[in-house]
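Structure record follows, encoded as C-alpha cells.
The values are calculated or read from the model by the stated rules, or taken from the named source; none is laboratory data. These figures come from a predicted structure and were not determined experimentally. Here the Cβ positions follow ideal geometry from the backbone for every residue, glycine too, while neighbour counts run over all protein chains shown.
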Amino acid sequence: MSLPAWALVSPERRAHIERVVALLKSWADAMHVDPKEQGRWLRAGWLHDALRDAPLPDPLAHGPAAADRAAADGERDHGVLDAVRFHTIGSPDWDDVGRMLYLADFLEPGRDRIAPDRADLARRVPIERDAVLREVARRRIEWLVRSGWPLPVATVGFWNQLVRRP
C-alpha cells in the first residue's frame, strides 16, 4: 500500500507519512505481529495524514476527513478508520492499530528536534508499549493544557482508560 490517489500532501508531509509507516513496520517486525494486523497498522499509517494539507476549516479535521474519504474509497476496517479519525486526540475505543498509530505519529524520527528523547521512547515501544503510550499521552495532554486548548472528550476518555488501575 501507499498513499491513496486522493491524498493532498506536500513533499514534507509525504516524508512524515513514510517515516510513520516505516516506524510502524519496524515495531510490527520487532513484536512479531501477525501479517494481517501489520497490514492494518500500515494502512492506518498511510491514511492518517492523507488530507493534512487539504484546505480544511479546522486543523484537527484532517483525521476525520481522511477516515471518511477512506471509507468512501472502500476501507471497511472500523479499527483502521477510528485510528485515522482520532490519531491526533486519542480514543478510549481504540484497538491496537489506533494506539500504535498514535505512538508512531508522535515518535517518528523526523520530530526528534522537538524532543531529543523521542528516539529512546520509540526504541522502547516493542517491549514497553503501554508505559510509552502513557508517557506520550501525558506529553500531548500537557501540551494542550499549556496551549490553553480545551481537552476533547475522547482525549479525556483515552487518558482515563490508560491510567485505570485494575
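Condition first: touching a Leu at 6+ places or on another chain (Cβ under 8 Å) and either charged (D, E, K, R) or part of a helix (DSSP H, G or I) (or both). Now tell me which residues in region 39-51 satisfy that.
Answer for region 39-51, where residues must be touching a Leu at 6+ places or on another chain (Cβ under 8 Å) and either charged (D, E, K, R) or part of a helix (DSSP H, G or I) (or both): W41, L42, A44, G45, W46.
Please find, within region 1-35, the residue that is nearest to A66 (Cα to Cα) out of those that are at pLDDT 95 or above, among the aliphatic types (A, V, I, L, M) and assigned to a loop (DSSP other than H, G, I, E, B).
Here the residue is A7.
Quick one: which of L51, L3, L42, L47 is surrounded by fewer than 23 Cβ atoms within 10 Å (Cβ to Cβ) and more than 22 Å from V132 (Cβ to Cβ)?
After ruling out the rest, the residue left standing is L3.
Can you find a residue in region 59-79 that is modelled with pLDDT under 95 and assigned to a loop (DSSP other than H, G, I, E, B)?
There is no residue in region 59-79 that is modelled with pLDDT under 95 and assigned to a loop (DSSP other than H, G, I, E, B).
Do you know which residues across region 115-125 are within 22 Å of V163 (Cβ to Cβ) and either surrounded by 13 or more Cβ atoms within 10 Å (Cβ to Cβ) or among the aliphatic types (A, V, I, L, M) (or both)?
A115, R118, L121, A122, R124, V125
Of everything in region 80-106, what is hydroxyl-bearing (S, T, Y) and either more than 13 Å from I17 (Cα to Cα) or at pLDDT below 95 (or both)? Give them in sequence order.
Initial filter on region 80-106 (hydroxyl-bearing (S, T, Y)): 88, 91, 102.
Correct list: T88, S91.
Just to check your reading of the model, which residue among P92, P150 is surrounded by 13 or more Cβ atoms within 10 Å (Cβ to Cβ), part of a loop (DSSP other than H, G, I, E, B) and not basic (K, R)? First the steps, then the outcome.
Details: P150 fails: surrounded by 13 or more Cβ atoms within 10 Å (Cβ to Cβ).
Result: P92 is the single residue among P92, P150 that is surrounded by 13 or more Cβ atoms within 10 Å (Cβ to Cβ), part of a loop (DSSP other than H, G, I, E, B) and not basic (K, R).
Please tell me if V156 is among the β-branched types (V, I, T), out of contact with any His (no Cβ under 7 Å at 6 or more places or on another chain) and exposed (fewer than 13 other Cβ atoms within 10 Å of the Cβ).
The answer is no for V156.
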